[in-house]
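Values quoted throughout were computed directly from the atomic coordinates according to the rules given, and no laboratory measurement underlies them. Computed from a prediction, not measured in an experiment: that's the story for all the values here. We place every Cβ from the backbone using ideal geometry, glycine too, and count neighbours over all the protein chains shown.
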């Protein structure tokens, strides 16, 4: 079962709110920018970030992030979420 975290944000120098996406899949095996990913926002405000490499195996590499408002853009963060610094 996939657990849900609260989405993390930062504000840039111009005051724009940016949602931070995890840099790696939940197991920590894949860097999302390199292996591919999809990010979708549900009507309920849940951001689902899925690792393309994990979807081809039996591993669930999805992050479910509860959002707390809008963001002007998204960027990856290696430190905003647990397990994203793993190098398994």
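Taking first residues from region 24-36 that are within 12 Å of residue 77 (Cβ to Cβ) and partners that are surrounded by fewer than 17 Cβ atoms within 10 Å (Cβ to Cβ), the Cβ contacts under 8 Å between residues at least 6 apart in sequence or on separate chains come to 24/78; 24/83; 24/85; 24/86; 32/76; 33/76.
Hey, can you tell me all the residues within region 55-66 that are farther than 14 Å from residue 23 by Cβ and either surrounded by 14 or more Cβ atoms within 10 Å (Cβ to Cβ) or within 9 Å of the chain's Cα centre (by Cα) (or both)? Correct list: 55, 59, 60, 62, 64. Which residue is surrounded by the most Cβ atoms within 10 Å (Cβ to Cβ), if the candidates are limited to region 1-54 and must be in a strand (DSSP E or B) and over 12 Å from the mean Cα position of the chain (by Cα)? Within region 1-54, the match that is surrounded by the most Cβ atoms within 10 Å (Cβ to Cβ) is 18.
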